[in-house]
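Working notes, beginning with the structure itself.
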Amino acid sequence: MSWAQAILLARGLSRGCGGICGATVTGAPFSQVSLQAPRGLHCSAATHSSDSWLVPPPPKPPRGPTRALAPHEELFRRAPDGAQDKANFVRAVQTFGQHNVHKRGHVDFIYLALRKMREYGVERDLAVYNLLLDVFPKEVFRPRSIFQRIFIHYPRQQECGIAVLEQMENHGVMPNKETEFLLIQIFGRKSYPMLKFVRMKLWFSRFKNINPFPLPRDLPQDPVDLAKLGLRHMEPNLSARVTIYQTPSARDSTGAADATESHIVGIQTPDQQAALAHHNPARPIFVEGPFSLWLRDKCVYYHILRADLLPPEEREAEEIPEEWNLYYPMQLDLDYGRSGWDDYEFDIHKVEEGPVFAICVAGAHDQATLARWIQGLQETNPGLAQIPVVFRLAGSTGELLATSSGLEEPPPPPPEGQEEEENNQQRQQQGQS
Amino acid sequence: MQVPEEYGGLGLSNTLYARMGEIVGLDGSIAVTLAAHQAIGLKGIILAGSKEQKAKYLPRLASGEHIAAFCLTEPSSGSDVASIKTRATLSEDKKYYILNGSKVWITNGGLANIFTVFAKTQVVDSESSVKDKITAFIVERDFGGVTNGKPEDKLGIRGSNTCEVHFENTRVPVENVLGEVGGGFKVAMNILNSGRFSMGSVVAGMLKKLIEMTAEYACTRKQFNKNLSEFGLIQEKFALMAQKAYVMESMAYLTAGMLDRPGFPDCSIEAAMVKVFSSECAWQCVSEALQILGGSGYMRDYPYERMLRDTRILLIFEGTNEILRMYIALTGLQHAGRILTARINELKRGNVSTVIETISQKLRDSVGRTVNMGLTGKLGAVHPSVADSASKLEENVYYFGRTVETLLLRFGKTIVEEQMILKRVANILINLYGMTAVLSRASRSIRVGLPNHDHEVLLANIYCAEAYYQNLFTLSQLDKYSPENLDEQIKKVSEQVLEKRAYICAHPLERTS
């Protein structure tokens, strides 16, 4: 204790110099301490206001153990070289351990570290969690007698252990043997953290593959790859073809955020191609969007190209040609159809909606980019040139432009445009509700 | 691959060997060449060889410098091992054996340097009677007198080298006797029994690849404005392939797991069941896959016809399926018979209490009872999703047990000659083993949480239902006076046909006037 006090005093004394043994140990993180010299050691609470309160806030009064809170906060200060990565985090955690043989305030330190993990990007790293559990002093919190076992021995510490495991659970990290060993060493076998650990071990392995639409654990950072992943997720049909119509060009070094070319990635199956070829050019098709698709914690916005359902009068019945199959009759000459028992056509869960011809993910949500997409689609769907395309974008501009990319057809008259606007708003509400 | 590590091999366990087999099995010729080299060629040295023999031969064999071959079949003895004519006589100075004879259809015969040859030697019994017994020898090509004929022109697995091997006065040192003199039969049996189970995983690997290729075709080809994959018959074929692959895999890995247990468990029946099932299903499934492709499946440009020809050999080599069925049934019946001997004796003597017990059991059976052997229910071994199939399995097992008792009572020792009955017994056994393997694998995958476990449950339930009804039919065929039992008629027909060695019916167009 006196060693720690001496360190703190010395640090307070030689703030400006930055040449203390403590500072040399922590090195860079302390260099910014000098800016806060006048504040003193006891007013550290003010810095925590911006932290998110996932875990209980650290106690404020400047009593013994919490006097060490300021150095803890300082341990996590951004280094001058600014790299917030695993090495710095690990160093900060280890520094705490070196400060203080008795590890005062370790509970608060661990809560703080749990909060800081996201900034440093180590929330999915098992080794870091093990290191954090290592901060607990061992063998102290194990119950030694039956009375200690009955009542929750050292409840704050057990809660803290459970908080660490809970954060592991939230980020989908599977604990391993080292975690088990640490927990046994720290809390003993019959403690609540150990119970949680055993439950995690059982259920995590069972639930690992429970997602029927699994996503890879590390999502690609490149927007084009992310777009491809999202499109494949939405259209799992293996015959669908993904086409990249435009890749993002390299930005200028002058920093002008003139993203003139953002990425456009589209997907279409051969069935959709055939349906588009059959589409009646008198009826317009609509580009709608953007709709959001969440992939883990990333959101991808996509647009679809769809048409409305044909009213029943205009639907043409499929004609089965008379002499189609050489071997067996495709159509029997009976007067009656399916009986009520075997009639599976009506499904209350399936609402008939118009055909969707293609889906695309684009970097920008304005009409120019989407027009570029339509142009790209025209290469594989030559019939698209004849069909009027109406853009119904629920974008931030709220623009509703009714243009045709075919340029042969005149644009639809404005009153129709107003109806479409109302429709658009209704659709927006439906789409976003 | 299974050569122990101290001799330079990988020392793989049976399960890992089965897994390797899955990958190797994509091409038939490669799989057969490898299997002939290590699964039967050098297995003899591993299983029955002395330390000096192992140290002398295994390192070079494991590295691939020398290739091994297994020489047992002769022109006049395929399945009938005891009638081989190759003789090995001891020379005067008792240091060499002189080997004379010829072997036929030896895989790797042209490439191999080291042969495991089985020959008849004269053995003096303990009662000092001279008998001819089979002995196993390790013969190197350098011993002289080993010649091989030209590679045979086969239907399938044309990539592997199969030829005749002739031994003319080959001098084999006495140290090269594998096992003991006269113990060749056991050595051969052990060798063949130990490599069989991997056929299940080899075939499963091939089937998986086949399903991929065929599904690619079926989902892209359109006829009558529909994809092939939308027609019911095609879907049935895919379901069949998936189901059989699943059962095969489960059976193979279950057997491999059992063999990997400490001690030397005797899993020869299980291995034989795996071999029979996988070879027959391979033939069926490849044929169906070729059918899905239609005309293009028949063309030599596609691999399907090659795979079909390669799989045809699976039913023949490593013990023909008919022989193995006899083996499965007879070994099982022997085991059952030993247990039931006591009871049968008592019945024959007319012990009143046993008779009453038997009759009451028969009465209860005829009324119909539910069998509970502890597989289903709260403390059951299987997951509730497959509980129905498990109860079907239990029922089958119970009724099979009763039927076996009846059979033994009726035939006793002479059941060896009743091949049609034994074939039915073997079929039931294979189905039961398949059901067990599939149920245990499905329960495990649900409990552990493997991906697509609901698909596995579906496959398991389908297979168990099919096997259950097949078993019931076969069991009814085993009754003596049941209308499904056509054994007598079949025997009569074959007698008449074989007497004249021709088809004896009158031609439909014949007239009497």
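The values are calculated or read from the model by the stated rules, or taken from the named source; none is laboratory data. Bear in mind the structure is a predicted one, so any value in this text is a computation, not a measurement. Because the Cβ atoms are built from the backbone with ideal geometry, glycine has one as well, and the counts that use them run over all protein chains shown.
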*How many residues does the range B:268-295 contain that are under 26 Å from B:ASP153 (Cβ atoms), among the small types (Gly, Ala, Ser) and either free of Cβ contacts under 8 Å to residues at least 40 places away in the same chain or touching a Cys at 6+ places or on another chain (Cβ under 8 Å) (or both)?*
1
*Which residue out of B:MET435, B:MET420 is surrounded by fewer than 17 Cβ atoms within 10 Å (Cβ to Cβ) and among the hydrophobic types (A, V, I, L, M, F, W, C)?*
B:MET420
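For (1) part of a helix (DSSP H, G or I); (2) among the aromatic types (Phe, Trp, Tyr); (3) out of contact with any Pro (no Cβ under 6 Å at 6 or more places or on another chain); (4) away from chain A (no Cβ under 14 Å), each residue gets a yes or a no:
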| position | (1), (2), (3), (4) |
| --- | --- |
| B:LEU192 | yes, no, yes, yes |
| B:MET199 | yes, no, yes, yes |
| B:LYS209 | yes, no, yes, yes |
| B:ALA218 | yes, no, yes, no |
| B:GLN235 | yes, no, yes, yes |
| B:LEU254 | yes, no, yes, yes |
| B:PRO262 | no, no, yes, yes |
*Give the residue, chosen from B:THR414, B:THR436, that is more than 14 Å from chain A (Cβ to nearest Cβ), touching a residue at least 12 places away in the same chain (Cβ under 8 Å) and polar (S, T, N, Q).*
B:THR436
*From the options B:ALA204, B:ALA188, residue that is closer than 18 Å to B:ALA68 by Cβ and among the small types (Gly, Ala, Ser)*: B:ALA188
*Considering only the range B:382-401, state which residues are among the β-branched types (Val, Ile, Thr) and part of a helix (DSSP H, G or I).*
B:VAL386, B:VAL397
*B:ILE67 vs. criteria in contact with a helix residue (DSSP H, G or I) (Cβ under 8 Å, 6 or more places away or on another chain), at pLDDT 85 or above and surrounded by fewer than 16 Cβ atoms within 10 Å (Cβ to Cβ)*: no
_All but one of (1) touching a Gly at 6+ places or on another chain (Cβ under 8 Å); (2) modelled with pLDDT of 95 or more; (3) not basic (Lys, Arg) hold for B:VAL425; state the number of the condition that does not hold._
(2)
*Say we look at the range B:439-462 and pick out the residues that are of a type in the set (Gly, Ala, Ser) and free of Cβ contacts under 8 Å to residues at least 24 places away in the same chain; which of these is farthest from A:ASN211 (Cα to Cα)?*
B:SER445
*Looking at B:SER482, is it touching a helix residue (DSSP H, G or I) at 6+ places or on another chain (Cβ under 7 Å) and either more than 14 Å from chain A (Cβ to nearest Cβ) or surrounded by 11 or more Cβ atoms within 10 Å (Cβ to Cβ) (or both)?*
yes
*Restricted to the range B:151-185, and to residues that are crowded, with 16+ Cβ neighbours inside 10 Å and aliphatic (A, V, I, L, M), which residue is nearest to B:GLY109 (Cα to Cα)?*
B:VAL165
*So how many residues does the range A:341-380 have that are touching a residue at least 12 places away in the same chain (Cβ under 8 Å) and more than 21 Å from A:GLY289 (Cα to Cα)?*
1
*For the range A:173-205, which residues satisfy the criterion of being in contact (Cβ under 8 Å) with a residue 24 or more places away in the chain, surrounded by fewer than 18 Cβ atoms within 10 Å (Cβ to Cβ) and within 14 Å of another protein chain (Cβ to nearest Cβ)?*
A:MET174, A:LYS201, A:PHE204, A:SER205
_Quick check on my filter: what residues within the range A:206-240 are surrounded by 12 or more Cβ atoms within 10 Å (Cβ to Cβ) and within 14 Å of another protein chain (Cβ to nearest Cβ)?_
A:ARG206, A:LYS208, A:ASN209, A:LEU215, A:ASN237, A:SER239, A:ALA240
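Let's see how each residue does on (1) crowded, with 19+ Cβ neighbours inside 10 Å; (2) at pLDDT 85 or above:
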residue	(1), (2)
A:VAL107	yes, yes
A:ARG118	no, no
A:ARG142	no, yes
A:ASN170	no, yes
_Step by step: first the residues of the range A:307-328, then only those that are surrounded by 10 or more Cβ atoms within 10 Å (Cβ to Cβ) and within 14 Å of chain B (Cβ to nearest Cβ), then the one that is nearest to A:PHE357 (Cα to Cα). Which residue is that?_
A:ILE320
*In the range B:159-179, which residues are charged (D, E, K, R) and in contact with a strand residue (DSSP E or B) (Cβ under 8 Å, 6 or more places away or on another chain)?*
B:GLU164, B:GLU168, B:ARG171
*asked:* I'd like to know if the range B:112-120 contains one or more residues that are assigned to a loop (DSSP other than H, G, I, E, B) and either in contact (Cβ under 8 Å) with a residue 24 or more places away in the chain or touching a helix residue (DSSP H, G or I) at 6+ places or on another chain (Cβ under 8 Å) (or both).
replied: yes
*Failed condition for B:GLY319, given (1) assigned to a helix (DSSP H, G or I); (2) within 14 Å of the chain's Cα centre (by Cα)*: (1)
*Answer yes or no as to whether B:LYS43 is closer than 25 Å to B:LYS133 by Cα and free of Cβ contacts under 8 Å to residues at least 60 places away in the same chain.*
no
*Name the single residue, out of those in the range B:315-366 being within 22 Å of B:CYS267 (Cα to Cα) and among the basic types (Lys, Arg), that is surrounded by the fewest Cβ atoms within 10 Å (Cβ to Cβ).*
B:ARG338
